[in-house]
Structures are given as C-alpha cells and as structure tokens.
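The values are calculated or read from the model by the stated rules, or taken from the named source; none is laboratory data. Just so you know, these numbers come straight off a predicted model, no measurement behind them. Every residue, glycine among them, receives a Cβ derived from its backbone with ideal geometry; neighbour counts consider all protein chains shown. Accessible surface is based on the protein model in full, side chains and every heavy atom, while ligands, DNA and RNA are left aside. Shrake-Rupley method; radii C 1.70, N 1.55, O 1.52, S 1.80 Å.
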Amino acid sequence: QVQLVESGGGLVQTGGSLRLSCSASGIIVSSYTMGWYRQAPGKQRELVATITRGGSTNYADSVKGRFTISRDNAKNTVYLEMNSLKPEDTAVYYCNARFLSVNSWGQGTQVTVSS
C-alpha cells in the first residue's frame, strides 16, 4: 500500500523560504515519477514540479528559478525547496507518485505566504 506523508508547510512572509518533505512508504521513490502539485482556494490543482526516475526535473513556469525538487533515495523522501515565496504561492501542496497503474496522493500540507 502506497503512503505519502507531506510535512513542512506553514506560514511565512513574502520573500521567505520553506522546505516541504514527502516521506514515502510502500514504494521506492527513485522508481517513480514523483511530483509536487498545489491547489489554491477556488482553483484547480496544478503541477508545481516533478522528478523522473532518471532524475530529470520539470517546473511550472511560475516557480522556475525559485523552487527546487529533489529526492533522497536513502531516506525514500522527496523534497520541495521553496525560496522567494510570494502570496500567490499560497495553497495546499500535495505529493504525488506515478508509475504505470499507480497514481497516489498524499494528504497535503498548507503553505500560506503573507504579504
């Protein structure tokens, strides 16, 4: 059974930084495409960043140069380092694991950026 547990969200001022963590069980993160998505109130869930099995990364244009996705294979954990945060980054951030028939989500962690 796949389980993804996000942590690291919180309240931060504009320009601040946060690091989100996604701890996985039931899968090996390096064998999956792992991603971070976010959903703001009244909006659809959107892609933030992904990292493939081969380590290639992809970012939404809105976060390029500010966010970095990475993984620690030894800890079976995926991270999202977020810098220069803006109020429009406020959302619930979700971790996702995808490969073949598996498409699993975590419960989400709230990120709030105050102006």
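Looking only at the stretch 36-54, count every residue that is of a type in the set (K, R) and loosely packed, with under 14 Cβ neighbours inside 10 Å and tell me the total.
Filtering the stretch 36-54 for residues of a type in the set (K, R) gives 38, 43, 45, 53.
Those still in the list that are loosely packed, with under 14 Cβ neighbours inside 10 Å too: 43, 53.
Looking only at that region, the number is 2.
Just checking, how many residues over the stretch 1-15 are surrounded by fewer than 15 Cβ atoms within 10 Å (Cβ to Cβ), more than 12 Å from C95 (Cα to Cα) and modelled with pLDDT of 95 or more?
Final tally of qualifying residues: 5.
List the number of the failed condition for T33; all other conditions in (1) more than 21 Å from V113 (Cα to Cα); (2) open to solvent by 40 Å² or more (accessible area, probe 1.4 Å); (3) modelled with pLDDT of 95 or more hold.
(2)
For the stretch 20-58, how many residues meet the condition of being in a loop (DSSP other than H, G, I, E, B), closer than 25 Å to P87 by Cα and under 16 Å from the mean Cα position of the chain (by Cα)?
Residues in the stretch 20-58 being in a loop (DSSP other than H, G, I, E, B), closer than 25 Å to P87 by Cα and under 16 Å from the mean Cα position of the chain (by Cα): 3 in total.
Which members of the stretch 8-19 meet the condition of being over 16 Å from the mean Cα position of the chain (by Cα) and outside any strand (DSSP E or B)?
Within the stretch 8-19, T14, G15, G16 qualify.
Being assigned to a loop (DSSP other than H, G, I, E, B) and without any contact (Cβ under 8 Å) to a residue 12 or more places away in the chain is the filter here, so list the residues in the stretch 94-110 that pass it.
L100, S101, listed by residue number.
Which residues, taken from the stretch 69-98, are open to solvent by 70 Å² or more (accessible area, probe 1.4 Å) and farther than 15 Å from G10 by Cα? Please lay out each step first, then the result.
Taking the stretch 69-98 and keeping what is open to solvent by 70 Å² or more (accessible area, probe 1.4 Å), we get 73-75, 86, 88, 98.
Within the stretch 69-98, N73, A74, K75, R98 meet the criteria.
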